[in-house]
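Beneath this line is the structure, given in structure tokens, with notes to follow.
The values are calculated or read from the model by the stated rules, or taken from the named source; none is laboratory data. As the structure is a computational prediction, the values presented were derived from the model and not from experiment. When we count neighbours, we look across all protein chains shown, and the Cβ atoms used for this are built from the backbone with ideal geometry, even at glycine.
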Amino acid sequence: MLEGIKKKLQSIRHRCSESEEKSAFDIALFSTVDDIPFDHWNKVLNNEKLPLSIPYLAAVEVKPARNMSFHYAIVYKDIVPVAVLYFQEFDFSLANISQNVNMARIENVFNGLKKLAGVSVNGAEGVAARLLVFGNTYTTGEYGFHYTADFNHENLSDIILQTTEKIIAGQKKSGKINAILLKDFYKTRERQFEGIKNNSFHVFNVQPSMELSINPEWKTFEDYLSAFSSKYRVRAKSALKKGIRLTHREFTADDIVKHYDKIHQLYLNVEEKADFQLVTISKTYFYDLKIALENNFIFKGFFLEDELVAFATLLLGNDCLEANFVGMNYDFNLDNCIYQNILYDDVKMAIDRKVKTLYFGRTALEIKSTLGAEPLDMFLFVKHTNSITNSILGTIMANLKQAEWIQRRPFKDVEEKVKELES
């Protein structure tokens, strides 16, 4: 295996001498999971980051979103794998985000572009692109990369740019990539990526990801509720009481197949209310994940009597639980507090599984904060390969509307500390 990789890397060096001048690393690209040397990928991953695991990636690749293709990269230093990178590629239109943009404020930009010779723009609908995404559009978090202790994290910015350039160069024959999205970096990495900002990328602060640290002293869900101040404990018990008629159970792969159509409709109900959606998952996505990940993928079905009215999915890592997709019949939500009961059940599961962290994602931020979740600030980079369109993109990104919300503090000790700081 190593001899074969060595020959491949020698070929890469010969064909990419310009890249070799800029970096001491070699980058091997693959377009399908089957072509990846599993032992090299797994050596870097070391059982971390479930959404970068071979089974997860294979499940996504089985039936991807419409027109989606993939790029996988392994970074080598002296033929030793030291980092892995993951990209998704698909068709995208800025019209997909127009509902979340103050279009009136950027109308003059489109009007000005219409007057330029050779430029045809018809509002956001006219700004379409073949989009290359560094990271995973199906989940929130830093799931575009992982590296070993032998990789200097200061090189990550350059490696991402070099890999992106290699992918774009390789795609020129089959179809041009027009735009690049580098997604979901934690704010703590901002200085690390100064080099990317200097390459005409627009930086944008996205909604934070909500994280609940599970206190090891919480042996039961009641222990967790006991840590609440009286006001939030009363609210929690009220929501739980409203959901008393709800029953739920974990689905097997066969259960998912049995409820295929209903599950997909519940998913679409939630997707239609989303402010921003990059891709729509396939109908078989949950089944494929269950087959691939087995007990590490949790699918919970919520019932009122015999009717499936909601579902929630979670990914179980070594020491974390990550809430992923939710589907719901909104006709029953208000009277039964379905969504809040789903969230409380996630907390119960996190305590029962003895994980350290429950990741809630970046929707319904204020509600999740009432459960004790704290925000993790994140940012992304975006760029269009056409300089004129890139200027439009920058204007649109600058006018994206962030949802306003209030951070709640349900825990007694946290509430007391906040009051001390404010006094």
With the condition kept exactly as written, say whether any residue in the stretch 348-361 is under 16 Å from Thr140 (Cβ atoms) and in a helix (DSSP H, G or I).
no
Do any helices (runs of 4 or more DSSP H) lying entirely in the stretch 1-57 carry at least 2 residues that are modelled with pLDDT under 95, and which ones are they?
2-15, 17-22
For the stretch 269-299, name all the residues that are outside any loop (DSSP other than H, G, I, E, B) and either of a type in the set (Ser, Thr, Tyr) or without any contact (Cβ under 8 Å) to a residue 40 or more places away in the chain (or both).
Glu271, Tyr285, Phe286, Tyr287, Lys290, Glu294, Asn295, Phe297
So, in the stretch 356-390, how many residues would count as being of a type outside the set (Val, Ile, Thr) and either without any contact (Cβ under 8 Å) to a residue 24 or more places away in the chain or closer than 18 Å to Leu132 by Cα (or both)?
8
Of the residues in the stretch 24-44, how many are under 21 Å from the mean Cα position of the chain (by Cα), surrounded by 20 or more Cβ atoms within 10 Å (Cβ to Cβ) and without any contact (Cβ under 8 Å) to a residue 60 or more places away in the chain?
1
Being within 22 Å of the chain's Cα centre (by Cα), farther than 18 Å from Ile342 by Cα and not assigned by TED's automatic domain parsing to the domain that holds Leu161 is the requirement here; does Ile291 meet it?
yes
Selection within the stretch 133-150 - hydrophobic (A, V, I, L, M, F, W, C) and surrounded by 20 or more Cβ atoms within 10 Å (Cβ to Cβ):
Val133, Phe134, Phe145
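Yes/no matrix, rows are residues, columns are (1) touching a Cys at 6+ places or on another chain (Cβ under 9 Å); (2) of a type outside the set (Lys, Arg):
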{"site": "Thr220", "(1), (2)": "no, yes"}
{"site": "Lys242", "(1), (2)": "yes, no"}
{"site": "Arg249", "(1), (2)": "no, no"}
{"site": "Ile256", "(1), (2)": "no, yes"}
{"site": "His259", "(1), (2)": "no, yes"}
{"site": "Tyr285", "(1), (2)": "no, yes"}
{"site": "Asp288", "(1), (2)": "no, yes"}
{"site": "Ile298", "(1), (2)": "no, yes"}
{"site": "Leu304", "(1), (2)": "no, yes"}
Residues satisfying the stated conditions in the stretch 297-312, i.e. under 23 Å from Ala350 (Cα atoms) and surrounded by fewer than 17 Cβ atoms within 10 Å (Cβ to Cβ):
Phe303
I'd like to know if the stretch 142-161 contains one or more residues that are in a loop (DSSP other than H, G, I, E, B), assigned by TED's automatic domain parsing to the domain that holds Ala24, free of Cβ contacts under 8 Å to residues at least 60 places away in the same chain and hydrophobic (A, V, I, L, M, F, W, C).
yes
Within the stretch 233-245, does at least one residue satisfy the condition of being in contact (Cβ under 8 Å) with a residue 12 or more places away in the chain and closer than 23 Å to Pro55 by Cβ?
no
Taking the stretch 306-323, which residues are under 18 Å from the mean Cα position of the chain (by Cα) and either in the same structural domain as Leu45 (by TED's automatic domain parsing) or at pLDDT 95 or above (or both)?
Ala312, Thr313, Leu314, Leu315, Leu316, Cys320, Leu321, Glu322, Ala323
Per the list (1) loosely packed, with under 13 Cβ neighbours inside 10 Å; (2) closer than 20 Å to Asn329 by Cβ, residue check on Lys242 breaks on (1)
Scan of the stretch 315-338 for residues that are within 21 Å of Lys273 (Cβ to Cβ), surrounded by fewer than 22 Cβ atoms within 10 Å (Cβ to Cβ) and in contact with a strand residue (DSSP E or B) (Cβ under 9 Å, 6 or more places away or on another chain), ordered by number:
Asn324, Phe325, Met328, Asn329, Asp331, Phe332, Asn333, Asn336, Cys337
In this structure, is Asn96 within 21 Å of the chain's Cα centre (by Cα), within 23 Å of Arg130 (Cβ to Cβ), modelled with pLDDT under 95 and surrounded by fewer than 18 Cβ atoms within 10 Å (Cβ to Cβ)?
yes
Report, by residue number, each residue of the stretch 45-71 that is out of contact with any helix residue (DSSP H, G or I) (no Cβ under 7 Å at 6 or more places or on another chain), buried (at least 20 other Cβ atoms within 10 Å of the Cβ) and small (Gly, Ala, Ser).
none
Going through the stretch 246-268 in order, the residues found to be farther than 30 Å from Ala129 by Cα, in contact (Cβ under 8 Å) with a residue 24 or more places away in the chain and not in a loop (DSSP other than H, G, I, E, B) are Leu246, Thr247, His248, Arg249, Glu250, Ala253, Asp255, Ile256, Val257, Tyr260, Lys262, Ile263
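Each row is one residue, and each column tells you yes or no for (1) assigned by TED's automatic domain parsing to the domain that holds Leu161; (2) modelled with pLDDT under 85.
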residue	(1), (2)
Asp335	no, no
Ile338	no, no
Lys348	no, no
Gly361	no, no
Phe381	yes, no
His384	yes, no
Ile406	no, no
Asp413	no, yes
Leu421	no, yes
